[in-house]
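These notes are about the structure you will find just below.
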Amino acid sequence: MFDRYGREASSLRIAVTQRCNQNCIYCHNEGQERTSKEMTLGQIRRILRAAAAIGAKKVKITGGEPLVRNDIVDIVASCTDIFREVSLTTNGVGLDKLARPLREAGLARMNISMDTLYPETYERLTGQDHLPRLLKGIDAATDAGFHSLKLNSVVLKGFNHTELEDLIAFSAEKNAMLQLIELTSKREDINSPFYKTHHYDLGPFEKTLGDWTSEVRANEIHNRKRYVLRVNGWNAVVEVVRPMSNRDFCANCTRIRVTSDGRIKPCLLTNTGEIETLDLLEAGEDEETLQALFAKAILSRKPYWD
């Protein structure tokens, strides 16, 4: 299904919990207000079927941290029954035990948070000393057969902005794509002390990547550039995510979101157009009604940076 701007809502991003075993200083909670409510497995299945019925072709499972749910393998299995492509984003803590069951449940791809290679910086960023568990989890994912891992690095001035080449080398060693992500903020928070202190403009480094690259590709979501690097001994692919004030980023957005408490959310950075479904799910409302609510939310989508 297409919105009023001709953008197809072909990708569902569903948060299954707000709970997390870390406290990352840059976390935006998937644009969700704090709540203790959480959809059950049965309710998630009904949301998935409704989204697929109106045209969503793939799904990404997010949180919070999805792996803290005891039924996360069952959630993945439910997704693979409905969608042709299922992926998941995780901080990697717990993958040492769950990577293989997730792969066997049909999970195709994973995005793993990997912001730094240094324990002290990792603890400053996340509030935890989980770096050894993360590294163990990345290896477990590779051993389980995930051959298209993506490592996500949110780049913050004063924390990890000097590690970019080290992170490229690490991702190449692990045969994973590296995704460098600029700190994201709502318009009203651009002048906040945190954003002004820690936002790091990836523009100059992206120009350097352009000089190094042997090939430039593009991710269909947001038209994000991917740089294939065959220099410095690397065999690496680096994707750059620069959403701030980026009209092209919004023009190529194909996502529709669902929060962990069942709200259909047209855009990460605004609550405008959100539609509550949890009461309907608890009441056993038919899936045609849910489909109509998805359609309404999609038609209300508007580019944030327009």
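Structural remarks
- Candidates 47, 54, filtered to the one that is closer than 16 Å to residue 259 by Cα, at pLDDT 95 or above and surrounded by 15 or more Cβ atoms within 10 Å (Cβ to Cβ): 47
- Restricting 136, 150, 97, 157 to residues that are within 17 Å of residue 198 (Cα to Cα) and not hydrophobic (A, V, I, L, M, F, W, C) narrows the list to 157.
- Per-region count, region 15-44, residues β-branched (Val, Ile, Thr) and either under 27 Å from residue 155 (Cβ atoms) or at pLDDT below 95 (or both): 4
- Within region 151-169, the set of residues being buried (at least 20 other Cβ atoms within 10 Å of the Cβ) and either basic (Lys, Arg) or in a helix (DSSP H, G or I) (or both) comprises 167, 168.
- Highlighted here are the helices (runs of 4 or more DSSP H) found entirely within region 12-131 that include at least 1 residues which are more than 26 Å from residue 266 (Cβ to Cβ) and more than 17 Å from the chain's Cα centre (by Cα): 72-80, 95-104, 119-126.
- When each of 126, 121 is tested for being more than 30 Å from residue 292 (Cβ to Cβ) and crowded, with 22+ Cβ neighbours inside 10 Å, the lone residue that passes is 126.
- Residue check, residue 131 under 21 Å from residue 26 (Cα atoms) and modelled with pLDDT of 95 or more: yes
- Summed over region 170-191, the residues that are of a type in the set (Gly, Ala, Ser) and either closer than 16 Å to residue 125 by Cβ or not in a loop (DSSP other than H, G, I, E, B) (or both) give a count of 2.
The values are calculated or read from the model by the stated rules, or taken from the named source; none is laboratory data. Just so it is clear, the structure is predicted and the values come from calculations on it, not from any experiment. With ideal geometry, Cβ positions are generated from the backbone for all residues, glycine too; neighbour counts draw on all protein chains shown.
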